[in-house]
Amino acid sequence: MVRGLERYEAINRNKAVAKFQLAKRLEAERGDFETHEKYKKEFQKFLEEEGENVRILDNDPPEYSFLDLKIDLLMEMLKSCNFCERRCGVNRYEKLGYCKTGVESYYSSEFLHFGEEPELVPSHTIFFNRCTFSCVFCQNYDIVYDDDYKVDPKELAVMIDIRRRQGSRNVNFVGGNPDQHAHTILKILREVKSNIPVVWNSNMYHSWELGRIIEDVVDVWLGDFKYGNNECAKKYSNVKNYWEVVTRNFLEAKKTGELLIRHLVMPNHIECCTAKIVKWVSENLGRDVRFNLMFQYYPTFRAYEFEEISRRLSWEEMRRAKELAEKYLDNLV
Ligand code: SF4
C-alpha cells in the first residue's frame, strides 16, 4: 500500500467508488456557479456516505446529475475562457486563446503506459494536444503544437472501458495539459462505465473556478511542480504568478483528493527551484506526500537558446537534489 494513495488503491480493489461515478449519480438541478457550490456540499456528504458502496454502480444515473451541471458550467465558461490562470477571456466558440484550443478537443495518442510511477502502471494515458504553458524545454512539443485526432467522447469512453479490461489501473489525462480540455474530459467520463480512478496529470496552473469544478471528479492529482519562483517560470514557460497559483492549487488538491507530485530537476536550478520546492512541500503538504524527484531532463526544443539549461544534469546536481529531497521528504518514489 502506497502512503497517501489509499483511496486510489481501494478503487482498484473495487472497495471504493471513483468520484466521477458518484458525481454522475447525484441528482442535481440546472443552474449557475452558485447552484454548483450548493451541490458541492451535498456531494461531500454523498461521498462520505456512499464512497465505499460499490453497489451504487448498479444504479442508473438520474436524468440530470451533478456531473451534467459541471459540464454545462464548463460549456458556459468557454464563452469567456478562464479555465487557467492566463484568463484569456476569449470566446472559444469563436476564437482561440493562448493555448490555441477551441471548443473541440484533439488528442495525439492513447495507450497503456508502463513508464509512469510504479503505483500507476499500467496507466491508460491519453495525450491531449495543446498546452497552457510554452516551456522552452518541452519534451512533448510534437504533441503540444498540433491537433491530431478529434475527440469523440463516446469513442474515448469505450476505449477507457476496454483498457480497464486490459488491466489499466487508472485513466491518466495528460498532454500537453488536460485543463483546457476539461469540458471534453467530463463529457468522456459521463460515458465511462468502469469504476476507474481518474488521474489529472497537469501543470497545476488551473484557475480557482476550474479547480472547484473538476476536483469532484479527480481521484489523484499528478501535479508537476516545476519552479521555485516566478522569475524562472516566466523565463522558461512564459507564465505569470506561477508560485502563487501553483501553491494555492496544491493546497486545494491536498484537501480534495490524493496527491502525487513530480519535480523535474533542471541544470543550474537546484537552489532556486528544487530546494524551494521540497522545503515548501514539506512544510505545507507534509513530509509524507508522495514525491517523484525526476532526473530525466534533457535539452530539447528551444532549450539550446538558454545556455544554463542546454545540458543534462551533472552527478553533483543529482546528488545535491537527492540530498535536499531526503532532508525534507519521507515518501519519495
Ligand atoms: S485555457 Fe487558459 S490559455 Fe486556454 S484560452 Fe482558456 S484561459 Fe486562455
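The values are calculated or read from the model by the stated rules, or taken from the named source; none is laboratory data. Just so it is clear, the structure is predicted and the values come from calculations on it, not from any experiment. Cβ coordinates were reconstructed from backbone atoms using ideal geometry, including for glycine residues, and neighbour counts include every protein chain displayed. Side chains are part of the model used for accessible areas, which takes the heavy atoms of the whole protein and leaves out ligands, DNA and RNA. Shrake-Rupley method; radii C 1.70, N 1.55, O 1.52, S 1.80 Å.
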Per the filter on segment 101-138, residues in contact with a Gly (Cβ under 8 Å, 6 or more places away or on another chain) and aromatic (F, W, Y) are F127, F128
Counting only residues that are without any contact (Cβ under 8 Å) to a residue 40 or more places away in the chain and over 18 Å from the mean Cα position of the chain (by Cα), segment 212-230 contains a total of 1
Can you report the number of residues in segment 258-309 which are under 16 Å from V2 (Cα atoms), in a loop (DSSP other than H, G, I, E, B) and either open to solvent by 20 Å² or more (accessible area, probe 1.4 Å) or at pLDDT below 95 (or both)? 3
Given (1) under 22 Å from the mean Cα position of the chain (by Cα); (2) modelled with pLDDT under 95; (3) of a type in the set (D, E), identify the lone condition not met by D60. (1)
Return only the number of the condition from (1) surrounded by fewer than 21 Cβ atoms within 10 Å (Cβ to Cβ); (2) within 25 Å of M204 (Cβ to Cβ); (3) within 16 Å of the ligand (Cβ to nearest atom) that H113 does not satisfy. (3)
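To keep it simple, each residue is scored yes or no on (1) open to solvent by 40 Å² or more (accessible area, probe 1.4 Å); (2) among the β-branched types (V, I, T); (3) more than 11 Å from the ligand (Cβ to nearest atom); (4) on the phi < 0 side of the Ramachandran plot.
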residue	(1), (2), (3), (4)
R86	yes, no, no, yes
V90	no, yes, no, yes
Y93	yes, no, yes, yes
L96	yes, no, no, yes
C131	no, no, no, yes
S134	no, no, no, yes
What is the one condition in (1) outside any loop (DSSP other than H, G, I, E, B); (2) open to solvent by less than 10 Å² (accessible area, probe 1.4 Å); (3) within 16 Å of the ligand (Cβ to nearest atom); (4) touching a residue at least 24 places away in the same chain (Cβ under 8 Å) that V239 does not satisfy? (1)
